[in-house]
Amino acid sequence: MDDILIAIRDTPVAAAIFVITLAISLLAFNSDELYERFILHPYSVAQGKRVYTLVTSGLIHKDLPHLFFNMFSYYFFAFQLERFMGHWQFGMLYVACLILSDLPTVVKHKNDYWYHSLGASGAISGVVFGFIMFSPMRDFYLMFIPVPIPAIVFGVLYLIYCVYASRRGIGNINHDAHFYGAVCGIIITISLYPMVVPSFFLILRNHLGLH
């Protein structure tokens, strides 16, 4: 309980997004009407309708595993990133990545009436990669892999996979949103904190023993 209270006090934006996303996603599992109102429909958005779904689609998820994976990833990176960045900066990054990561999908599927998209993956990718800019050598422990992977290695492999999976159409997943969310996270972090770039390379050089 003390850890929860500390997180709410120190990282109120990350905590609020976590609770709101979790609550609305769970409500939507039992409400087809809520799903229909919140889900992203690129065909409609391209015609200037239901533009709000660029945000609301990030508050709902396909199923419990989808919700769990996104909130699991969010939990491990979002609260630390808000401590690095600050409150309004973190909030801006999250919302901007949520919206910007879906715009390529809107363009790509603007004529596909039956295409829909949902989930916070684009925004969470932005959070993960924003964190990587601050701490590129932090160890990642992935499921089913017993050894730690440096954050920067994970990031490169993640982007490569997103491009590959998008071109191959692997799974019923919007891999484009993952990729563009990651790119937006990097760009926005650098825009807000330009000094993160020399710090990023200094950390890499020190780790590799280059002086």
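When both residues are 6+ apart or on different chains and their Cβ atoms are under 9 Å apart, which pairs have a first residue that lies in the stretch 197-210 and is farther than 14 Å from F131 by Cα, and a second that is open to solvent by 50 Å² or more (accessible area, probe 1.4 Å) and not in a helix (DSSP H, G or I)?
Correct list of pairs: L204/L210; R205/H211.
Only one of Y75, Y43 is open to solvent by 100 Å² or more (accessible area, probe 1.4 Å), touching a residue at least 40 places away in the same chain (Cβ under 8 Å) and either in contact with a Phe, Trp or Tyr (Cβ under 7 Å, 6 or more places away or on another chain) or part of a helix (DSSP H, G or I) (or both); which?
Y75
Does A182 satisfy being within 18 Å of F69 (Cα to Cα), at pLDDT 80 or above and touching a Pro at 6+ places or on another chain (Cβ under 9 Å)?
no
The conditions are (1) over 22 Å from D102 (Cα atoms); (2) without any contact (Cβ under 8 Å) to a residue 60 or more places away in the chain, and T11 fails exactly one of them. Which is it?
(2)
Okay, residues lined up against (1) part of a helix (DSSP H, G or I); (2) out of contact with any Ser or Thr (no Cβ under 6 Å at 6 or more places or on another chain); (3) open to solvent by less than 20 Å² (accessible area, probe 1.4 Å); (4) in contact (Cβ under 8 Å) with a residue 24 or more places away in the chain:
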site: T21; (1), (2), (3), (4): yes, yes, yes, yes
site: L27; (1), (2), (3), (4): yes, yes, no, no
site: N30; (1), (2), (3), (4): no, yes, no, no
site: E36; (1), (2), (3), (4): yes, yes, no, no
site: V51; (1), (2), (3), (4): no, yes, no, no
site: G58; (1), (2), (3), (4): yes, yes, yes, yes
site: P65; (1), (2), (3), (4): yes, yes, no, no
site: M71; (1), (2), (3), (4): yes, yes, yes, yes
site: F90; (1), (2), (3), (4): yes, yes, yes, yes
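Could you grab the pairs with beta carbons closer than 8 Å, sequence gap of 6+ or different chains, first residue in the stretch 144-157 and within 17 Å of Y180 (Cα to Cα) and modelled with pLDDT of 80 or more, second one loosely packed, with under 14 Cβ neighbours inside 10 Å and not basic (K, R)?
F154/L142
Go through the stretch 150-211 and tell me which helices (runs of 4 or more DSSP H), entirely inside it, have 2 or more residues that are of a type outside the set (D, E, K, R) and under 14 Å from I124 (Cα atoms).
151-168, 175-192
The values are calculated or read from the model by the stated rules, or taken from the named source; none is laboratory data. The shown structure was predicted, so the numbers you read here are calculated from the model rather than taken from an experiment. Don't worry about glycine lacking a Cβ; one is built from the backbone with ideal geometry, like all the others, and counts go over all protein chains shown. Each accessible area value is taken on the protein alone, full model and side chains, heavy atoms only, with ligands, DNA and RNA left out. Shrake-Rupley method; radii C 1.70, N 1.55, O 1.52, S 1.80 Å.
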